[in-house]
Every structure is written in structure tokens, then in C-alpha cells.
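A short write-up of the structure that comes next.
The values are calculated or read from the model by the stated rules, or taken from the named source; none is laboratory data. What you are looking at is a predicted structure, and each value in this text was computed from that prediction instead of being measured. Glycine also receives a Cβ, built like all others from the backbone with ideal geometry; neighbour counts cover every protein chain displayed.
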Amino acid sequence: MSAREQRALALFGEGYSCAQAVMGAFADDLPLERSALLRMTSSMGAGMGRLREVCGAVTSMLLIDGLRHGPDSPDPDRKAAQYARVQALCKRFEAQFGSIICRELLGRAGAEPPTPEKRDSHYYSSRPCARLVAGAVRILEENWEESK
């Protein structure tokens, strides 16, 4: 397990959302302050505020890749190249975990009330989120290694 994966799991274990845990693991390597990155991703946990849509770990994986490789102009070729990166990252996550959708990953029906669940041993043992957080970090690291 890489140092970033360990950092992400530690953050998740401290109570940060899946999205914040992934983002926090890369914060030292990104062009924004850690606190801004954590605030930016605070809405993305639990599939976007417990709507159970796109997994927060996936959302942060894509945000991080965009910060590192994304275009800062409307150039259609660079935009197409970034969209290809997004699709490749999502395809890898889906191949490994079966979906990029939070409710499907958790086996839930859909959106839930906005109040987060209590973080205790049952919470962590009854869901795949820690594995998904580590997986998103690993996929991103592997993708960056391959693109060197």
C-alpha cells in the first residue's frame, strides 16, 4: 500500500468524507491550499451530499487529475484528451469495483437524508468505502506512472 493510500485511509478514519480523504492524500502535490481542497470536496462525499450519485472518491480522483493534467483553455483537442483521461480513470474504477455510482457500490436504493451516519466500528466495517478510497488513490497513482 502506498503512502498516499495510507494517508487517504487515515483521513477517512478521522471522519473526513470519501471525497475529502482522496483529495487530502494528494493535497501536498496540488496547486491549491489543503484547506481549500478539503472545503472544495466537502460537498462531494456520499455521492454528492448523500444523494448517492457518483462516488465521492471517484469525483476527487477526477478533480485531482484535472488539476494536474486538465486544460486551462477552451482548446477542443486538449478538452478531448482530458475527457479521454476521465473515461479511462472511470473505466478502471468500474472494472475494479463494479460501478462508479455510490448507491450501487453500497447497495442502496437512492438519496438519503443529509445527516451523516455516526462514524463507529460498525460504520467502517459495514461498507466498502475505505476500499474505494484506497482504490481511487491507487488508480490515480498508477495512471500517473503510466503517463510519464
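Below, the figures for the structure above:
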quantity: Residue satisfying condition, being buried (at least 17 other Cβ atoms within 10 Å of the Cβ), over 20 Å from residue 24 (Cα atoms) and touching a residue at least 60 places away in the same chain (Cβ under 8 Å), within set 92, 52; calculated: 52
quantity: The one condition in (1) assigned to a helix (DSSP H, G or I); (2) in contact with a Leu (Cβ under 9 Å, 6 or more places away or on another chain); (3) surrounded by fewer than 20 Cβ atoms within 10 Å (Cβ to Cβ) that residue 37 fails to fulfil; calculated: (3)
quantity: Region 120-148, residues that are over 22 Å from residue 70 (Cβ atoms), in contact with a Leu (Cβ under 9 Å, 6 or more places away or on another chain) and small (Gly, Ala, Ser); calculated: 130, 134
quantity: Output for region 100-111, where each listed residue is touching a residue at least 24 places away in the same chain (Cβ under 8 Å) and among the small types (Gly, Ala, Ser); calculated: 110, 111
quantity: Flag for residue 62 being in a helix (DSSP H, G or I), crowded, with 18+ Cβ neighbours inside 10 Å and either without any contact (Cβ under 8 Å) to a residue 24 or more places away in the chain or not small (Gly, Ala, Ser) (or both); calculated: yes
quantity: Sole exception among (1) under 13 Å from the mean Cα position of the chain (by Cα); (2) touching a residue at least 40 places away in the same chain (Cβ under 8 Å) for residue 114, by number; calculated: (1)
quantity: Test result for residue 103, in contact with a Leu (Cβ under 9 Å, 6 or more places away or on another chain), more than 24 Å from residue 37 (Cα to Cα) and at pLDDT 95 or above; calculated: yes
quantity: Any chance residue 68 is outside any helix (DSSP H, G or I) and more than 14 Å from the chain's Cα centre (by Cα); calculated: no
quantity: Any hit, region 2-10, residues being surrounded by fewer than 16 Cβ atoms within 10 Å (Cβ to Cβ), touching a residue at least 60 places away in the same chain (Cβ under 8 Å), in contact with a helix residue (DSSP H, G or I) (Cβ under 8 Å, 6 or more places away or on another chain) and hydroxyl-bearing (Ser, Thr, Tyr); calculated: yes
